Amino acid sequence: MSRLRDPALFGTLALFWGLSFPVITVGLEHIPPLLFAALRYDVAAVLLLGYAILTTDSWRPTGRNNYIAIVGGGLFLVAGNGFLFIGQQTVPSGVAAILQALVPIATALWALLLLGERLSLPGAVGVAIGFFGISLVIQPDPSNLLGDETLGRLLIVGQVISVALGGVIVQRAQPDIDRVPLTGWSMLLGAVVLHVASLRIGELPDAQTAVPTAVASVLYLGVFSTAIAFYIYFYIIEIHGAFEVSLVAYLVPVVATLVGVFVLGETVSLLTYLGFGLVAVGFVLLKRDALADALEGAPVALGP
C-alpha cells in the first residue's frame, strides 16, 4: 500500500464495516429486521447504480456470465445478509462481527467444492481450527438449541455461509461488467428479495420506522458501510488483491466490539475472544503461503 492514502483507506473500510454492527443493533429497536436490511440495500443500490450510469457506458449487464454473477450476488451476498439482521436481534454486535471472521474460511470450503481448488493438509487443519473457534463463539446449549441467543448466532453463521457462497458464485461466473454496476444490480436484486420476504412474514413500516434514529441508521448503512465501503473495497482489491482486503475481516470485530462494549454496554465473554483467536489462527494456517508472500513483497497467490 502507498505510504499514507491506502493504509488510511484500509482503516476507513474497517471503521465503516465495524460500526455497521452496532448501528444495526440500534436500528433494530425501531425497524423490523428484513425490512431494515432491504432499506439498507435500497439506498446502496440507488447510489451505486446512479454512480455507474453517470461514469460509465457499460453499466447494463449483458451475457450469461454477468446475469449469473448478479443473481448469485443478489441472492447470497446481499439477500443472505437478512440472516444477520434477524440474528442481531439477540446477539451482541461484537459477537456478530466476530462471527464474520469465518467468511474467508467458509469461502475456501466453497471454492474447494465448486471451483475444484485444492486444500493442503495445513490448510485443512486451519479450517478445522477455525470452525472449532466459531463453536466457542456460538457456545451452543445442547438442551436449548432453539434458544434465542444460540439460534441468533446460528443464523449469523448461516449468513456467513451464504455470503461466502455468493462470493464463489460470482468468481466462478467470471463477470466482465464493471464491479460497481455489478454490485449495484446485485444489491437491487437482493433488496427486492428482502422486501418480498419481509412482506411475507408480515413486516410493515410504522411510525417507528421514520424516527430520526431509524432513518440515520438506514442512511449510515446504505451510504457509508455499503456504497462507499464497497467502493473502497473494490479499490483495494484492484490495487492490492483479494488477500489484503480479506485481512479487514480481522479488524472489523475490534471496532464493533469496542463500540458495542463502551457505547452500547454489551458484554462479550472471554470464551468468545478465545474463539476469535482460534479463527485467526485458522486463517493464518489456511493462507500461510499468501501471508509469507505478502511479508516478502512477492505477488500473492490466493488459492487455499
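On a C-alpha basis, how far is the centre of the stretch 29-46 from the centre of the stretch 214-274 in Å? Whole number, if you could?
17 Å
Using 0.36 nm per residue of separation minus the Cα-Cα distance, give me the extension gain between Leu258 and Ala8 in nm, one decimal.
Net length gain for the segment: 88.1 nm.
Take peptides 180-188, 204-212, 154-162 and line them up by average Cβ neighbours within 10 Å, highest first, as a rough protection proxy.
Output ranking for 180-188, 204-212, 154-162: 180-188, 154-162, 204-212.
Quick one, could you list the DSSP H helices from the chain stretching 27 Å or more along their long axis (Cα atoms) with average Kyte-Doolittle hydropathy of 1.0 or above?
5-27, 33-55, 148-173, 179-200
Given H placed on each backbone N at 1.01 Å, which residues far from Glu117 in sequence or on other chains put an amide H within less than 5 Å of it?
Leu112
Pairs of Cα atoms under 8 Å, at least six residues apart: use those to get the relative contact order of the chain, whole percent.
Details: 473 pairs, mean separation 120.3, N = 304.
That works out to 40 percent.
If I stretch the segment between Val215 and Phe132 completely, what's the gain in nm (0.36 nm per residue apart, minus their alpha carbon distance), one decimal? Don't skip to the end; give the middle numbers.
Values: separation 83, 0.36 × 83 = 29.88 nm, distance 3.83 nm.
That pair, Val215 and Phe132, stretches by 26.0 nm at full extension.
If I take R0 = 35 Å and measure r between the Cβ atoms of Glu29 and Tyr235 in this structure, what FRET efficiency does the formula 1/(1 + (r/R0)^6) give, to the nearest 0.05?
Values: r = 34 Å, r/R0 = 0.96.
Step by step, r from the Cβ atoms, then E = 0.55.
Multiply the residue gap between Arg118 and Thr56 by 0.36 nm, knock off their C-alpha separation, and tell me the result in nm, one decimal place.
Going from the current span to full extension adds 18.6 nm.
Select one label from (i) 1.03; (ii) 0.95; (iii) 0.98: the one whose number is Rg/Rh (Cα atoms, Kirkwood Rh) as derived from the coordinates shown.
Only one listed value fits the structure, namely (ii).
So what is the relative contact order for the stretch 1-138, in percent, with contacts set as C-alpha pairs under 8 Å and at least six apart?
About 30 percent, as a whole number.
Since every read-out is calculated from the coordinates, none of them should be taken as a lab result. Computed from a predicted structure; not experimentally measured. Here the Cβ is made from the backbone with ideal geometry for all residues, glycine too, and neighbour counts use every protein chain on show.
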